[in-house]
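The values are calculated or read from the model by the stated rules, or taken from the named source; none is laboratory data. Since the structure is predicted, the reported quantities are computational estimates derived from the model, not experimental observations. Ideal geometry is used to build each Cβ from the backbone, glycine not excepted, and the neighbour counts take in all protein chains shown.
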Amino acid sequence: MEEKEIVEYWVNASDSDFDLSRNLFASQRFSYCLFFLHLSIEKLLKGLIVARTSKPAPYEHNLVRLAEATGIQYSEDQLDLLSDITTFNIKARYDDYKNQFYKMATEKYTKKYLSEAEEFITWLKKYFQKI
């Protein structure tokens with residue numbers, strides 16, 4: 001695939017995962033909503049890495065490290081958000097964390113992260129327009 005196609009793949013996959021995250025929230029599947037929220041941001045960051053560096057996206061799930069690889073300046077609040085959302089990837093996958101994660105993923109908690117992530121995603125997408 002050409003670089004443009006790879007970037008489009010990552011952006012489209014991110015959009016699809018974010019739509020799924022919204023649907024999971026609407027159906028009150030909060031822990032899965034948070035998990036797919038992580039995937040959405042991960043894929044968007046990977047698309048941005050490819051677009052800005054012309055290198056393949058790294059095999060990495062840590063959103064802070066992926067964000068740093070984009071070469072963009074982030075606020076401390078944004079990095080804190082990415083750090084929090086990174087944990088959703090781990091906590092939703094591994095049995096020793098799942099039970100605690102299910103209890104933590106209330107409607108209020110999930111809505112907060114869904115809203116903040118949507119704002120972050122909108123902000124991040126402006127960097128695709130500059131390329």
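Confirm whether residue 85 is modelled with pLDDT of 95 or more and touching a His at 6+ places or on another chain (Cβ under 7 Å).
Values: modelled with pLDDT of 95 or more: yes; touching a His at 6+ places or on another chain (Cβ under 7 Å): yes.
Criteria met by residue 85.
Being of a type outside the set (Gly, Ala, Ser) and at pLDDT 95 or above is the requirement here; does residue 97 meet it?
Numbers: of a type outside the set (Gly, Ala, Ser): yes; at pLDDT 95 or above: no.
In short, no.
On the basis of being surrounded by 16 or more Cβ atoms within 10 Å (Cβ to Cβ), β-branched (Val, Ile, Thr), under 12 Å from the mean Cα position of the chain (by Cα) and modelled with pLDDT of 95 or more, does residue 41 make the cut?
Values: surrounded by 16 or more Cβ atoms within 10 Å (Cβ to Cβ): yes; β-branched (Val, Ile, Thr): yes; under 12 Å from the mean Cα position of the chain (by Cα): yes; modelled with pLDDT of 95 or more: yes.
Criteria met by residue 41.
Taking the condition surrounded by 17 or more Cβ atoms within 10 Å (Cβ to Cβ), over 21 Å from residue 4 (Cβ atoms) and within 16 Å of the chain's Cα centre (by Cα), does residue 117 pass?
Numbers: surrounded by 17 or more Cβ atoms within 10 Å (Cβ to Cβ): yes; over 21 Å from residue 4 (Cβ atoms): yes; within 16 Å of the chain's Cα centre (by Cα): yes.
Yes: the conditions hold for residue 117.
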